[in-house]
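Participant: Let me begin by handing over the structure; questions about it come next.
Bear in mind that the values in this text are calculations on the coordinates, not laboratory data. From a predicted model like this one, the values you see are computed outputs, not experimental measurements. All Cβ positions, glycine included, derive from the backbone under ideal geometry; neighbour counts span all protein chains shown.
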Protein chains: 2
Amino acid sequence: MNQPKTDPRIQRTRKLIMDSFMELSGKKEFKDITITDIAAEAMINRATFYYHFEDIYDLLEKVLSEVLLVNLDCSNYQHKELNEEVITSIFVAITNFQQSLSNRCHRGYEDTIARNIREQLEIIFYKMLLKPHPTEEDEGLKITAVILSWGIYGASVEWKRKSNEITPEEFIQLALPHLLPRDNGV
Amino acid sequence: MNQPKTDPRIQRTRKLIMDSFMELSGKKEFKDITITDIAAEAMINRATFYYHFEDIYDLLEKVLSEVLLVNLDCSNYQHKELNEEVITSIFVAITNFQQSLSNRCHRGYEDTIARNIREQLEIIFYKMLLKPHPTEEDEGLKITAVILSWGIYGASVEWKRKSNEITPEEFIQLALPHLLPRDNGV
DNA sequence: ATCAAGGTGTTGCATAAGCGACAAAATCCA
DNA sequence: TGGATTTTGTCGCTTATGCAACACCTTGAT
C-alpha cells in the first residue's frame, strides 16, 4: 500500500540525473557520455551520482525501464494477464518508444538500447505469465518469457522496415492468431 | 576576486524557488501566492524556503533585483559613472523589464513591483554617484539618488502611456539635456 | 462568539548532497 | 612502447535539505 515514501531529495536528484542523461543523449553518442558530463549537466556532484546508480549502464537501464513503463501505461498490464489485447498494446508502446528515442539519440546507441528493451520485456512477460500461475516458479515460464521478449522485440525491428506501409497494430495482429491459437484460458 | 564559492545546492535551490515564484506569478496575484505554494512548486520543503529568504517580500525583492540586474547587463554601469549614455541604458532596461513582467503577472502586483524597482534604482544610482566621490559619504548624494530613482521610475510610467508614439530611447533623451546641463566632469 | 482549517515562522534531529583527496583504470598521443 | 591526461569508484567530513511538531495568527463558516 504505502511504501516508505522516498525522500523528495532523492526523487529530485534522480530526475535531474535522468533528464540530463536524456538531454546529453541528443548531443553525443552513448559511448562518449561520461559520468562527469552528466554530473555537470545535472548540476550535482559526481559523487552523488554513485549514491543513486551503480554506473552509467545502471543509469541507462533505469532510464529505459522507467520511460518504457510510462509508455506502457501500467494499468494496461499490471492487472491483466497475457492476451492478444495486452500484447498489442505492448507492441505499440515499444514501437512508439523506439521512434521517439531514435529521434533523440545518435547512432551507436541502438544496440545498447535494444538489449535493454528486450530485457525489460522479458521481465514484464514473466510477471504476466506468472499471474495465472501464482504459486509455481516454473522454469518453463521463464523460457517462454525469453522467447516472447525476443520475438516481440524482433517484430518491432521488422516493423520499422515497413513502417510506411502498415501500422503497428495491424502488423502485430497479423501474427497473433498464429501465436495464441488456444483459448485465453490455460 | 574569488568569493568563497557558494555551495551548488544553494544556487540550485535558490534558482528553483525564484523560478517557481515567477511561474506562479503568471497564474495568481501576488497576494494569493503563499510560501506553501512556492515550496510545492519548487519541490522543496517549506522550511528550506526560510533557510534562503526572510519571507515572501524578501523573495520578491531579490527576484526583482536579480532580474533587473541581468537586464541592466552589469558591465554597463559597474565600471562607468553616471552620464547620459548610462541613464539611457538604464531607462531602456527598466521599460523592457516592466513590459516583460506585465505580460507575465496579474493585476494587483504592480504597486509592489514598482516600489521595489524604485528602491533598486536608488541603490544603483547611489553607487554610481559614489564613483567619482569614493571617499565622502555625502548625504547629498543619497538624496540625489532618491530623486533620480523616483524621477526615472516616474518617467517609465509616463512613457507607458505614449509607448506607441515614441521609443524609450527617444523619450528619455528629450529630457536628458535638461537634467544634466553641466559638463560630464564634477 | 466559537470552532475548524490553513498559512506562518521556528526548532531539533535524521539524511542526502557537496567537497577534496585518493588509487586504480581507461584513454590519448607522441 | 611509454608517459601524460582523463575518467572512475570510493572514502571521511562538512553542510544543506527534509521532516515532524509546535505556537501563533488569520480567515471563514456556523
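Participant: Describe numerically, in nm with one decimal, the distance between label points set 7 Å from Cα along Cα→Cβ at B:THR48 and at B:LYS15.
Facilitator: Distance between the two pseudo-spin positions: 1.4 nm.
Participant: Taking R0 as 41 Å, what FRET efficiency do you get between A:TRP150 and B:LYS27 from their Cβ-Cβ distance, rounded to the nearest 0.05?
Facilitator: Values: r = 49 Å, r/R0 = 1.20.
Between A:TRP150 and B:LYS27 the formula returns 0.25.
Participant: For A:GLN173 and A:GLU66 in the same chain, what is the full-extension length gain: residue separation times 0.36 nm, less their Cα-Cα distance, in nm?
Facilitator: Values: separation 107, 0.36 × 107 = 38.52 nm, distance 2.63 nm.
Between A:GLN173 and A:GLU66, full extension yields an extra 35.9 nm.
Participant: State, to one decimal in nm and shortest first, how far the label point of B:GLU139 sits from each corresponding label point in the other identical copies (label point: 7 angstrom along Cα-to-Cβ).
Facilitator: Going from nearest to farthest copy, the values are 9.7 nm.
Participant: Partner chain Cβ atoms within 10 Å, averaged over the residues of B:39-49 - can you pull that number for me?
Facilitator: Details: counts 0, 0, 0, 1, 5, 3, 2, 0, 0, 0, 0.
Taking the mean over all residues of the peptide, I get 1.
Participant: Now for a different question. How far is A:GLU54 from itself in the other copies, in nm, if each label sits 7 Å out from Cα along the Cα-Cβ line, shortest first?
Facilitator: Copy-to-copy label distances at A:GLU54, shortest first: 5.2 nm.
Participant: Could you compute how fast the stretch A:8-53 diffuses translationally, taking Rh as the Kirkwood radius over C-alpha pairs and applying Stokes-Einstein at 20 °C with viscosity 1.002 mPa s? Give it in µm² per second. Mind showing how you got there, number by number?
Facilitator: Details: Rh = 10.5 Å.
So the translational diffusion coefficient is about 204 µm²/s.
Participant: Output, in nm with one decimal and in ascending order, the distances from the B:MET22 label point to the matching label points of the other copies (7 Å from Cα along Cα-to-Cβ).
Facilitator: Listed shortest first, these distances are 2.3 nm.
Participant: Just list whichever of A:LYS31/A:LYS162; A:LYS15/A:LYS62; A:LYS62/A:LYS127; A:LYS27/A:LYS162; A:LYS31/A:LYS62; A:LYS31/A:LYS160 have alpha carbons separated by over 20 Å in the model shown.
Facilitator: On the way: A:LYS31/A:LYS162 29 Å; A:LYS15/A:LYS62 11 Å; A:LYS62/A:LYS127 18 Å; A:LYS27/A:LYS162 28 Å; A:LYS31/A:LYS62 17 Å; A:LYS31/A:LYS160 24 Å.
Correct reply: A:LYS31/A:LYS162; A:LYS27/A:LYS162; A:LYS31/A:LYS160.
Participant: Another question, if that's okay. Under a Cβ-Cβ cut-off of 12 Å, what is the net charge of the residues other than A:PHE125 that fall near it, where Lys and Arg count +1 and Asp and Glu count -1?
Facilitator: On the way: positive: A:ARG118, A:LYS127, A:LYS131, A:LYS142; negative: A:GLU81, A:GLU119, A:GLU122.
Around A:PHE125, the surrounding residues sum to +1.
Participant: Along the stretch A:10-21, what does the Karplus equation 6.51 cos²θ - 1.76 cosθ + 1.60 (θ = phi - 60°) give for ³J(HN,Hα), rounded to whole Hz, x for Gly and Pro?
Facilitator: 5, 4, 4, 5, 4, 5, 4, 5, 5, 4, 5, 4
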